[in-house]
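Here's the structure, in structure tokens; my notes come after.
The numbers here are math on the coordinates, done by the rules we state, and not lab data. Quick caveat, the model's predicted, so the values are computed rather than measured. All Cβ positions, glycine included, derive from the backbone under ideal geometry; neighbour counts span all protein chains shown.
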Amino acid sequence: MDHARDRDKNRDRNFSEKEKEFVEKLVKLNRTAKVVKGGRRFSFSALTVVGDRKGKVGYGFGKANDVSEAIRKSIDKAKRSLVELPVKNGTIPHEITGLFKASRVLLKPACSGTGIIAGGPVRAIMEAGGVTDVLSKSIGASSQYNVVKATFDCISKLMDAKAIAKNRGKSLKELWG
């Protein structure tokens, strides 16, 4: 019986180590009220960004009647939607513009020491993804959800030198000379 308890302890420890490898950032927490016969019934929605600071990042949106439950749901969804963010010397490989509805996000690579010059949602994504130097500008609608989607549109369009070389059937040395 004691062995089963030890095994459970080890399982919990391994689970918590896995949890710590991700950086979780809350971008937006929204409270909505539904008026019912007895008064107002509140529900919460949370938008979070999750990353491992090594080039993987994802976002999630969760709704629940409780704040902590909404955040937990959004973090779970974010972990399921991780995408690869190509990081080259602490910055992105090239300039890119992403669009989602009326939000437009412009990302530019920056030299080391610049830092992350970005607004709230874009900053959270870049920090979670492991980018240390980047310039950004959010143009158009400032809805945080749409800005996050536009930033992930940028990430999906970013091209990695290794991937381009592989697609063209050449080595990196042939590509760069």
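If we sort 64-70, 76-82 on the protection proxy, mean other Cβ atoms within 10 Å, highest first, what's the order?
Going by the mean number of other Cβ atoms within 10 Å, highest first, we get 76-82, 64-70.
Apply the Karplus parameterisation 6.51 cos²θ - 1.76 cosθ + 1.60, with θ equal to phi minus 60°, to every residue of the range 118-124 and state each ³J(HN,Hα) to the nearest whole Hz, in sequence, with x for glycine and proline.
7, x, x, x, 5, 4, 4
I need the phi-derived Karplus couplings for the range 34-39: 6.51 cos²θ - 1.76 cosθ + 1.60, θ = phi - 60°, integer Hz, Gly and Pro marked x.
10, 7, 10, 3, x, x
With the Cα gyration tensor of the chain giving a ≥ b ≥ c as the square roots of its eigenvalues, does the rule (a/c under 1.5 for rounded; else a/b larger than b/c for prolate; else oblate) give rounded, prolate or oblate? Provide the component values of the computation, followed by the final result.
Details: a/c = 2.61, a/b = 1.31, b/c = 2.00.
Taking the square roots of the gyration eigenvalues as a ≥ b ≥ c, the chain is oblate.
By how many nm would the segment from LEU172 to ILE139 grow when fully extended, if each residue of separation counts as 0.36 nm and the alpha-carbon distance is taken off?
Difference between extended and current length: 8.4 nm.
Can you give the calculated 222 nm mean residue ellipticity of the chain, where each DSSP H run of n ≥ 4 adds -39,500 (n - 2.57) and the sum is split over every residue, rounded to the nearest 500 deg cm²/dmol?
Helix-only estimate at 222 nm: -12000 deg cm²/dmol.
Sorted by packing (mean other beta-carbon atoms within 10 Å per residue), highest first, where do 43-54, 94-105 land?
The densest-packed peptide leads the list: 43-54, 94-105.
Residue-wise, which Karplus ³J(HN,Hα) couplings in Hz belong to the range 88-103, taking 6.51 cos²θ - 1.76 cosθ + 1.60, θ = phi - 60°, and x for glycine or proline?
3J(HN,Hα) across the range 88-103, in whole Hz: 10, 6, x, 9, 8, x, 7, 6, 8, 10, x, 10, 8, 6, 9, 9.
Hey, quick one: spin label on VAL83, modelled 7 Å out along Cα-Cβ, who in the range 143-171 has an amide N within reach, i.e. under 20 Å?
Once the point is set 7 Å along Cα→Cβ of VAL83, 143-165, 167 turn out to lie under 20 Å by backbone N, inside the range 143-171.
For the range 110-163 and the range 49-77, what is the centre-to-centre distance using only Cα atoms, to the nearest Å?
Result: 18 Å between the Cα centres.
Treating only the Cβ atoms of Lys and Arg (+1) and Asp and Glu (-1) as charged, compute the dipole magnitude of the range 21-134 about its Cα centre; round to the nearest 20 debye.
720 debye
Near the amide H of ILE92, under 5 Å away, which other amide H atoms are found, from residues 5 or more places off or on another chain, if H is placed in the peptide plane?
Under 5 Å from the amide H of ILE92: ALA110.
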